[in-house]
Amino acid sequence: MASVPLWLYTTAGCHLCARLEATLQALGADVTLTRVEIAFDAQLSERYATRIPVLASASGAEYSLVDGEEALPGWLRAQGVGRASTGVDRTPPARRDSGVEPQGHVMRHGRRFLR
């Protein structure tokens, strides 16, 4: 899956913008962010000054923290954003720790060793 382009309306020193970027990274969102500085554009400042950070997609859909942080994953899915492939095991713990022992192991002194 290709990285999805998103625009982040921001301004210098915006701690909420940094937090949103960290959240995107923690979610493993496969996005390409283009940061748009609103301070030097009167129209952008008027539109976003009290709402930044604002994420916008190519379709024009927007997400802001005023929508609630819990809404971000759903908004990202609606924009077609998947997870970045990082090589990390993303198997849910319920499946990973299902109690089923792997095939081909040997128990020694209470520890499991694969053959």
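The values are calculated or read from the model by the stated rules, or taken from the named source; none is laboratory data. Quick caveat: nothing in here was measured; it's all calculated off a predicted structure. Every residue, glycine as well, gets a Cβ built from its backbone with ideal geometry; the counts of neighbours run over all protein chains shown. Remember, those area values only see protein heavy atoms, side chains included, never the ligands or the DNA or RNA. Shrake-Rupley method; radii C 1.70, N 1.55, O 1.52, S 1.80 Å.
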message: If you roll a 1.4 angstrom probe over the protein chains with everything in place, what fraction of the accessible area of the range 8-87 belongs to carbon and sulfur, to the nearest %?
response: 52
task: Just grab the label-to-label distance for A61 and W7, each label 7 Å out from Cα along the Cβ direction, in nm (one decimal).
output: 1.7
Area accessible to solvent at R83, 1.4 Å probe radius, in Å²: 140
query: Which order do W75, W7 take by accessible area at a 1.4 Å probe, largest first?
result: W7, W75
Euclidean distance between Cα centres, the range 40-55 to the range 1-21, Å: 13
- prompt: Once the Cα gyration tensor of the range 12-70 is found, what semi-axes does its equivalent ellipsoid get, as square roots of 5 times the eigenvalues, in whole Å, sorted largest first?
  reply: 19, 13, 12
Solvent exposure ordering (accessible area, 1.4 Å, most first) of T32, T50, T11: T50, T32, T11
- line: Here the range 35-51 yields Karplus 3J(HN,Hα) values (6.51, -1.76, 1.60; θ = phi - 60°; whole Hz; Gly and Pro given as x) of 7, 10, 6, 8, 5, 9, 10, 4, 5, 5, 4, 5, 6, 10, 3, 9, 10
